[in-house]
């Protein structure tokens, strides 16, 4: 019995020491993440708040009261991460009022965003999924010529309004139901570039809904080095200026797409402020969308729907794995009461 207890204590202490070592690295990464604007590696750490929190929480539980020094040492970085994540679980009051008082069948707008993944050639699951949706507007990223051909040939419920298929990861498409609701009118669509010399096409649509609505399908550069990280900021600066311009003209604004940023990251929060937009994810939790196939606690949320302050979220859902490295994002919005 004593030998068994001794063996257990040895294994437990070995586990605790190993977790403590990893937790020390997680604590350092927590603080370094606040320097995200200084170096692109630091920006990557800024996206791992959930994973860092879980490591630190495990260390706190293993150390408990007996090893209180370590427990207390890990509490500060743990709570710093939680403070950034927690707002996603708190719905704005206007969202609650909208859900309670709105007739969603008449007044809501349903959007769907999906990054197809240009390397995914298993078309059938995605096409079946799209045809089963009840979305008013569908925006697709990483649309290749082969993908567009499949969409135009095999989708029964939707038609392509605007597209720019490309063999790289920059292709885009905008779809609407073949029987478009009379409450929606597509006034104009165009391909925009942010900045102007960017090779990435972004689809902008002007829609007559309850009042003029400008929607942008977004896919910004993934940070891989200092150059791409700085270029991502230029893209977001251009999009923020576009958003402000549309709002100054009296338009509601929705931007939906692949931001390659998490909602708690410094850059994403700065962008929301510069663009004068709100995050639809508030009140709906983590809802990670990438990397599909990993356990949820290892994934991060980089696909987003954001909008001007006169709109609210009625529903927000993440779809199933369809062969892409991203999961679909479904968003239902209405006007603020």
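Annotations
- Any chance residue 235 is surrounded by 22 or more Cβ atoms within 10 Å (Cβ to Cβ), part of a helix (DSSP H, G or I), assigned by TED's automatic domain parsing to the domain that holds residue 126 and at pLDDT 95 or above: yes
- Any chance residue 182 is modelled with pLDDT of 95 or more, in the same structural domain as residue 121 (by TED's automatic domain parsing) and over 15 Å from residue 213 (Cα atoms): no
- In the stretch 1-59, residue surrounded by the most Cβ atoms within 10 Å (Cβ to Cβ) [restricted to those that are within 25 Å of the chain's Cα centre (by Cα) and assigned to a loop (DSSP other than H, G, I, E, B)]: 47
- Taken over the stretch 296-334, the residue count meeting the criterion of being part of a strand (DSSP E or B), surrounded by fewer than 17 Cβ atoms within 10 Å (Cβ to Cβ) and in contact with a helix residue (DSSP H, G or I) (Cβ under 9 Å, 6 or more places away or on another chain) is 1.
- Restricting 195, 263 to residues that are more than 25 Å from residue 311 (Cβ to Cβ), in the same structural domain as residue 306 (by TED's automatic domain parsing) and assigned to a loop (DSSP other than H, G, I, E, B) narrows the list to 195.
- In the stretch 164-179, the residues that are under 22 Å from the mean Cα position of the chain (by Cα), farther than 14 Å from residue 134 by Cα and in a strand (DSSP E or B): 172, 173, 174
- Residues within the stretch 134-163 that are at pLDDT below 95 and surrounded by 18 or more Cβ atoms within 10 Å (Cβ to Cβ), tallied: 0
- Subset of the stretch 198-227 (residues that are outside any loop (DSSP other than H, G, I, E, B) and more than 19 Å from the chain's Cα centre (by Cα)): 205, 206, 207, 208, 212, 213, 214, 226, 227
- Where residue 253 falls short, out of the listed (1) touching a strand residue (DSSP E or B) at 6+ places or on another chain (Cβ under 9 Å); (2) modelled with pLDDT of 95 or more; (3) not in a strand (DSSP E or B): (3)
- Count of the stretch 69-122 residues which are part of a loop (DSSP other than H, G, I, E, B), modelled with pLDDT under 90 and over 19 Å from the mean Cα position of the chain (by Cα): 2
- Residue within the stretch 145-155 that is in contact with a strand residue (DSSP E or B) (Cβ under 6 Å, 6 or more places away or on another chain) and either outside the structural domain of residue 323 (by TED's automatic domain parsing) or not in a helix (DSSP H, G or I) (or both) present: no
The values are calculated or read from the model by the stated rules, or taken from the named source; none is laboratory data. From a predicted model like this one, the values you see are computed outputs, not experimental measurements. Methodologically, a virtual Cβ is constructed for each residue, glycine included, from the backbone with ideal geometry; neighbour enumeration extends over all protein chains shown.
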